[in-house]
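Enquirer: I'd like to ask you about the structure that follows.
The values are calculated or read from the model by the stated rules, or taken from the named source; none is laboratory data. Computed from a prediction, not measured in an experiment: that's the story for all the values here. Ideal geometry is used to build each Cβ from the backbone, glycine not excepted, and the neighbour counts take in all protein chains shown. We work out accessible area using only protein heavy atoms, side chains counted, and drop any ligands, DNA or RNA first. Shrake-Rupley method; radii C 1.70, N 1.55, O 1.52, S 1.80 Å.
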Amino acid sequence: MKKSFIAAVLLAAATFASNAEIRLPALISDGMVLQRESTINIWGKAEKGKTLSVFTSWDKCSLKAVPDADGFWQVKARTPEAGGPYYITVSQGREKVTVSDVMIGEVWLCSGQSNMQMHLKGYDSQPVEGSFEAILQSPSQTNLRLFHVPLKAVEGYAEDVDAKWEHSGIGSAEMFSAIGYFFGEALADNLSVTVGMIESDWGGTRIESWMSEDRVRAINPEHLQADSNLGTLSPNRTAILWKSMIYPMSRYAIRGFLWYQGESNVGPKGYLYDKLMQAMVDQWRSEWQKNGTVENGEDLAFLYAQISPFDYNNPAHWFGRKWDISLPIVWEAQMRALSLIPNSDMAVNVDLGSATYIHPSQKKVLADRFLMLAMHDVYGASCAGTDWRGPIFKSAEFTSGKAVVEFETVSTLCPADPFIRIPVKGFEIAGADRVFHPAEAYVANKTYKFSRKVEVSSPEVPEPVAVRYAFDNLPGELNLTSSQGLPAFPFRTDNWDDVD
């Protein structure tokens with residue numbers, strides 16, 4: 001009887017200690033980066049019904065919370081301008097947890113599939129240019145911290161992820177997203193603040209995995225039927241990565257998102273990509289807004305990459321037939337998304353692909369393009385006379401046996417010369433017969449007054465009605481750029497999906 005009583009007391013004490021333990025999510029941990037000059041959440045689990053205190057050292061403020069019936073608690077705080085290191089102390093009775101080495105700066109979340117996931121060290125037999133030098137110099141990036149969410153799908157909504165904040169260094173950098181790393185280090189240098197990069201991505205996944213079932217059902221209800229052919233925890237089940245790898249971060253204050261995905265959505269339904277991305281972005285922003293780190297979810301920037309050229313007729317004829325414009329159909333949808341998604345922008349990628357490698361090696365080039373978008377769109381950097389993205393098709397006029405195509409661009413177009421007509425590569429032109437022919441194209445200019453227009457013609461097409469530029473899975477060598485060398489985005493003036 002006495003032994004049973006002692007055992008019961010010990011069990012009760014152990015249970016109480018377990019219930020009383022203060023638990024913080026992975027994001028609220030040593031080395032974290034908090035978004036500057038914003039409202040942030042600090043949350044966790046503790047003994048229910050018993051008041052706890054949260055002390056923030058940057059403002060010497062003590063905040064109170066009472067855990068609910070499930071032990072959950074949360075407080076809100078305001079962060080000052082960039083700085084640190086600071087600390088946060090959470091205490092309840094005799095229990096106390098201190099989070100140290102807390103920096104305040106800029107926080108971005110990068111997500112998508114394998115081109116975003118591609119490690120700084122590269123994939124097997126698929127290198128990242130500049131990888132060795134970047135890894136070697138990574139310990140010197142003292143203003144960069146990394147949070148890498150592991151590939152893990154769960155049933156239902158995940159409360160947390162198994163990750164931790166790490167300083168930039170050889171071990172942490174080599175397995176981090178190459179784009180996320182290059183973007184983060186360059187942003188830290190440009191702003192002279194600490195930057196925290198959160199990586200949550202999964203190769204080979206469709207966009208439908210990153211948003212809820214209801215959102216997908218409203219756009220493409222047929223897609224949900226395919227879930228019956230997938231395992232319960234397949235990363236391509238509708239909504240599973242939204243619930244497992246994005247939702248757990250939605251209480252954490254950030255500046256915006258970097259997105260590189262779409263390869264797995266190339267195919268017969270590729271034309272839906274703009275609406276799917278719009279729905280996904282709206283869901284993410286709504287969740288962050290609901291959690292109170294932004295008053296308006298649209299304040300969170302959404303920057304995304306145009307997916308790169310690749311031979312989608314190989315391997316094994318992915319979609320049962322050859323279709324040379326299956327990728328450009330998605331490019332069109334990505335372009336339409338610019339007008340559907342407020343506070344968004346797209347990094348041009350048409351020059352970085354290859355027929356055989358779906359993972360371009362020039363990740364720093366694309367990261368720099370992301371950075372220019374961020375500096376212009378988010379941080380208000382003056383770009384007078386300097387393009388922050390590639391030229392975009394504006395209009396086409398068909399007259400006198402040619403098409404005159406005008407582009408939206410801050411600078412004028414290249415290649416151009418006042419004395420020599422330099423051919424522009426990548427244009428095709430067609431008449432009413434819908435047969436496209438390679439076209440002669442030149443940037444319109446008069447002496448040194450270069451323009452934003454390209455004149456396109458072909459002797460095979462005396463009466464053109466349609467023009468295309470780089471509108472092919474593999475558009476080949478291209479040379480039309482802005483004055484800063486940013487490539488023009490592909491386009492077409494027709495809607496002939498049955499014509500390659």
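Enquirer: Answer yes or no as to whether Ile420 is open to solvent by 20 Å² or more (accessible area, probe 1.4 Å), among the aliphatic types (A, V, I, L, M) and at negative phi.
Expert: In short, yes.
Enquirer: Just for segment 239-257: of the residues that are of a type in the set (Ser, Thr, Tyr) and in a loop (DSSP other than H, G, I, E, B), which one is farthest from Tyr157 (Cα to Cα)?
Expert: Per the stated criteria, the residue is Tyr252.
Enquirer: Could we say that Val281 is among the β-branched types (Val, Ile, Thr), within 16 Å of the chain's Cα centre (by Cα) and part of a helix (DSSP H, G or I) here?
Expert: Taking the combined requirement at face value, the residue satisfies it.
Enquirer: So in segment 370-403, with the set limited to residues that are aromatic (Phe, Trp, Tyr) and either closer than 17 Å to Val350 by Cα or part of a loop (DSSP other than H, G, I, E, B) (or both), which one is least open to solvent (accessible area, probe 1.4 Å)?
Expert: Phe370
Enquirer: I'd like to verify a number: residues in segment 299-316 that are in contact with an Asp or Glu (Cβ under 9 Å, 6 or more places away or on another chain) and open to solvent by 10 Å² or more (accessible area, probe 1.4 Å), how many?
Expert: The number of residues fulfilling the criteria is 2.
Enquirer: Now for a different question. Among the numbered criteria (1) within 19 Å of the chain's Cα centre (by Cα); (2) in a strand (DSSP E or B), which one does Thr205 miss?
Expert: (2)
Enquirer: So is Gly262 more than 17 Å from the chain's Cα centre (by Cα) and either modelled with pLDDT under 95 or crowded, with 20+ Cβ neighbours inside 10 Å (or both) or not?
Expert: Spelling it out, it is not the case that Gly262 is more than 17 Å from the chain's Cα centre (by Cα) and either modelled with pLDDT under 95 or crowded, with 20+ Cβ neighbours inside 10 Å (or both).
Enquirer: Now, a different point. Assess whether Ser451 counts as being touching a Cys at 6+ places or on another chain (Cβ under 8 Å) and not basic (Lys, Arg).
Expert: Judged against the criteria, Ser451 is not a match.
Enquirer: When both residues are 6+ apart or on different chains and their Cβ atoms are under 6 Å apart, which pairs have a first residue that lies in segment 396-424 and is over 11 Å from Ser451 (Cβ atoms), and a second that is among the basic types (Lys, Arg)?
Expert: Between residues of segment 396-424 that are over 11 Å from Ser451 (Cβ atoms) and residues that are among the basic types (Lys, Arg), the close pairs are Glu408/Lys394.
Enquirer: Identify all residues within segment 120-147 that are surrounded by fewer than 21 Cβ atoms within 10 Å (Cβ to Cβ) and part of a strand (DSSP E or B); write none if there are none.
Expert: Listed by number, the residues that qualify are Tyr123, Gln126.
Enquirer: Output the residue which, of all residues in segment 466-496 that are touching a residue at least 12 places away in the same chain (Cβ under 8 Å) and open to solvent by 70 Å² or more (accessible area, probe 1.4 Å), is farthest from Gly267 (Cα to Cα).
Expert: Among those residues, the one meeting the criterion is Gln484.
Enquirer: Tell me, which residue of segment 425-454 that is among the small types (Gly, Ala, Ser), in contact (Cβ under 8 Å) with a residue 40 or more places away in the chain and assigned to a strand (DSSP E or B) is surrounded by the fewest Cβ atoms within 10 Å (Cβ to Cβ)?
Expert: Checked segment 425-454; the qualifying residue surrounded by the fewest Cβ atoms within 10 Å (Cβ to Cβ) is Ala444.
Enquirer: Taking segment 213-238 only, how many residues are of a type in the set (Ser, Thr, Tyr) and in a helix (DSSP H, G or I)?
Expert: Selection size over segment 213-238: 1.
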